[in-house]
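Read the figures in this text as sums done on the coordinates, not as results from a lab. Only a predicted model underlies this, so the values are computations on that prediction, with no experimental measurement involved. Cβ sites come from the backbone with ideal geometry, for glycine too, and all protein chains shown count toward neighbours.
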Amino acid sequence: MERIHRNHINDILHRLRCGESERQISQDLGISRLTVHKYKIMAIMEGFLDIDTERPGSDQIAEVLRPKPLPPNKP
């Protein structure tokens, strides 16, 4: 999964909650549609897209959805 900025993750979730399509989000932000889809699946699993619940905080979103750093490659 490509690394994207925390603001992009927040924007993706906000737009998904508003009902925008993955294609439109990817075109507007300049990221692949598959990346938007992966974040959508993770957000659904965490319950971030439930409209009945309050929108999660930025730190909570980043903790769950942000890709984990990879260990350094050793030759």
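Modelled spin labels at Glu54 and Asp28, positioned 7 Å past Cα toward Cβ, are 2.5 nm from each other.
Determine the shape class of the stretch 6-62: with a ≥ b ≥ c the square roots of the Cα gyration tensor eigenvalues, call it rounded for a/c under 1.5, and otherwise prolate if a/b is greater than b/c, oblate otherwise. Please list the in-between numbers first.
Values: a/c = 1.75, a/b = 1.52, b/c = 1.15.
Here the stretch 6-62 falls in the prolate category.
Kindly express, to the nearest 10 degrees and within the range 0 to 90, the angle between helix 33-46's C-alpha long axis and the longest C-alpha principal axis of the chain. Value to nearest ten degrees: 70.
Taking a sphere under 14 Å around the Cβ of Ile25 and counting the other residues whose Cβ falls inside, with K and R at +1 and D and E at -1, yields a net charge of +2.
Is there a quick way to get the dipole size of the stretch 6-62? I mean about its Cα centre, with the Cβ of Lys and Arg at +1 and of Asp and Glu at -1; what is the value in debye to the nearest 20? Write out the running numbers ahead of the final one.
Numbers: 8 positive and 9 negative charges, 54 e Å.
That gives the stretch 6-62 a dipole magnitude of about 260 debye.
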